[in-house]
Amino acid sequence: MKRLEVLICAMALCLSAFAQQAEPFWLGADISGTTELEARGVQLMNAAGEPRENTELMKELGLNAVRLRVWVNPKRGFCGKDDVVNMALRAKQHGMAIMLDFHYSDYWADPGKQNIPAAWLRMNYAQMKRALAEHTREVLQALKDKDIDVRWVQVGNETTHGFLWPVGRAEENMKQYAGFTKAGYQAVKAVYPNAEVIVHLDGGCDPKRFNFIFDGLKKYKCPWDIIGLSVYPYWDKEAGLTSSWEETVSAFTANIRALYAKYHTPLMVVETGTEVKHPVEGKQIMAAIIRASKEDCDGHCQGVFYWAPELEGHYPLGAFEGHKPTAIMEAFTEAAGAGK
């Protein structure tokens with residue numbers, strides 16, 4: 001009997017190892033602003049100047065996944081439920097995996113602002129938790145009704161200080177932040193049982209903020225499946241977290257290894273970017289981030305997503321010029337080719 005048990009365990013380990021090997025390394029981009037660009041009459045093109053729809057273009061560049069943000073009641077509809085379904089259908093058409101990023105706000109949410117949606121402002125904590133769960137289920141069900149698979153779901157965007165402030169601000173109300181996150185987690189699993197839930201923080205080079213949040217979630221028995229990181233050498237230098245892009249790369253990979261050792265859940269770079277005005281250096285930096293994620297994290301980092309590569313103008317970290325991809329995106333194309 002013992003020999004049989006040993007054999008079964010050995011087979012299970014082999015199957016697990018095979019499954020890990022079969023899992024692709026995810027190369028993605030957040031292209032949530034696509035429909036707004038289209039509404040403004042912007043035509044994206046490939047490097048040769050040939051017109052392309054953005055999802056199609058990302059696929060041509062070697063990406064195998066897209067990330068789409070979700071706002072609760074956006075004034076102009078962009079990143080609302082119907083817009084997200086539209087973009088997800090495009091991703092499905094091109095065989096790309098889909099990540100949803102719930103901001104739980106009517107507009108941008110990030111470490112500097114986590115505004116409660118207007119419709120939820122008069123709610124108490126219990127009511128707001130129910131509204132969050134209902135909103136999450138409603139959006140996901142709309143996707144499922146269109147036979148769209150959702151592989152990952154972020155419960156909050158860059159929730160370094162929690163979200164739905166002040167009710168879910170982590171520094172003052174960690175228990176309520178954990179309660180919101182758990183409500184989102186359970187809502188995701190109710191619609192997509194196999195989707196992986198991501199908790200996402202900024203400053204991937206800084207272990208202190210990750211330990212603070214995930215120790216808090218663990219204390220209040222809030223589950224998660226993947227730890228998501230933002231990795232931006234540009235912003236790290238601006239914030240004084242690192243002094244060079246090389247330091248950011250070294251620090252975030254060390255952080256990933258330490259976080260896996262502590263929490264035993266996989267990780268993913270769900271946002272990254274580099275300066276578009278220096279595309280040659282940008283390609284070098286992005287290639288280093290992808291390479292480090294694949295090779296220096298002991299297999300614990302599952303992918304890298306560029307944030308808004310098509311965005312031009314006031315935002316310095318896009319990857320397009322003249323509505324065409326710069327050399328920065330070649331880092332993804334080359335990494336995709338190397339993985340075949």
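The values are calculated or read from the model by the stated rules, or taken from the named source; none is laboratory data. Here the structure is a predicted model, which means the values were calculated and not measured. Positions of Cβ are generated from backbone atoms using ideal geometry, with glycine treated the same way; all protein chains shown enter the neighbour counts. Areas reflect the complete protein model, heavy atoms only, side chains present, ligands, DNA and RNA absent. Shrake-Rupley method; radii C 1.70, N 1.55, O 1.52, S 1.80 Å.
Tell me the carbon and sulfur percent of the accessible area for the chain, rounded to whole percent, probe radius 1.4 Å. The partial results should precede the final answer.
On the way: 8160 of 15380 Å².
Within the chain, the accessible surface is 53 percent carbon and sulfur.
Average the reciprocal distances over every distinct pair of alpha-carbons in the chain, invert the result, and give the Kirkwood radius in Å. Working shown, then result.
Numbers: mean 1/r = 0.0488 Å⁻¹.
Taking the inverse mean of 1/r over all distinct Cα pairs, the chain comes out at 20.5 Å.
For Met96, what charge total do you get from the other residues with a beta carbon under 12 Å from its beta carbon, if Lys and Arg give +1 and Asp and Glu give -1?
Values: positive: Lys59, Arg67, Arg90, Lys92, Arg151; negative: Glu56, Glu60, Asp149.
Once positives and negatives cancel, what remains is +2.
With a 1.4 Å probe and all protein chains kept in place, how do Tyr104, Tyr234 rank by accessible area, largest first? Don't skip to the answer; put the middle values down first.
On the way: Tyr104 0, Tyr234 60 Å².
Heavy-atom accessible area, descending, gives Tyr234, Tyr104.
Loop only by DSSP, 16 or fewer other Cβ within 10 Å of the Cβ. Give me the trypsin sites (Lys or Arg not before Pro) in the range 104-166 that pass, ordered by residue number.
Working: sites: Lys113, Arg122, Lys129, Arg130, Arg137, Lys144, Lys146, Arg151; in loops: Arg122, Lys146, Arg151.
Those satisfying the criteria are Arg122, Lys146, Arg151.
What do you get for trypsin sites (Lys or Arg not before Pro) in the range 256-298 restricted to DSSP loop and a cutoff of at most 16 other Cβ within 10 Å of the site's Cβ? Kindly include the intermediate steps, with their values, before the conclusion.
Details: sites: Arg257, Lys262, Lys277, Lys283, Arg291, Lys294; in loops: Lys277.
Those satisfying the criteria are Lys277.
Which value, in debye to the nearest 20, gives the size of the charge dipole of the range 48-177 about its Cα centre, when Lys and Arg are +1 and Asp and Glu are -1 at the Cβ? All intermediate terms of the calculation are to be shown ahead of the outcome.
Details: 19 positive and 17 negative charges, 72 e Å.
The dipole magnitude comes to about 340 debye.
Which value in deg cm²/dmol, rounded to the nearest 500, describes the helix-derived mean residue ellipticity at 222 nm for the chain, given -39,500 (n - 2.57) per DSSP H run of n ≥ 4 and division by the residue count?
Details: 11 runs with 154 residues, N = 340.
So the helix-based figure for the chain works out to -14500 deg cm²/dmol.
Calculate the translational D of the range 203-259 in whole µm² s⁻¹ from Stokes-Einstein, where the hydrodynamic radius comes from the Kirkwood formula applied to all Cα pairs, the temperature is 20 °C and the viscosity 1.002 mPa s. Before the final figure, lay out each step's value.
On the way: Rh = 11.9 Å.
Value of D from the Cα-based Kirkwood radius: 180 µm²/s.
Return a single number: how many Lys pairs in the range 76-179, at a sequence separation of 8 or more or on separate chains, have alpha-carbon atoms below 25 angstrom apart.
Lysine pairs, 8 or more places apart or on different chains, close enough: 11.
For Asp296, what accessible surface area do you get with a 1.4 Å probe? Give it in Å², rounded to 10.
70
Just how far, in whole angstrom, is the range 92-111 from the range 217-270 if you go by their alpha carbon centroids?
So the separation of the two Cα centres works out to 20 Å.
Considering only DSSP beta bridges whose two residues both sit in the chain, what percent are antiparallel, to the nearest 5?
15
Mind checking the alpha-carbon convex hull of the range 19-92 and giving the volume per residue in Å³?
Numbers: hull volume 7.3 nm³, N = 74.
In the range 19-92, the Cα convex hull volume per residue is 99 Å³.
Tell me the per residue accessible area of the chain using a 1.4 Å probe; a whole number in Å² is fine. Don't skip to the answer; put the middle values down first.
Details: 15380 Å² over 340 residues.
Here the per-residue accessible area is 45 Å².
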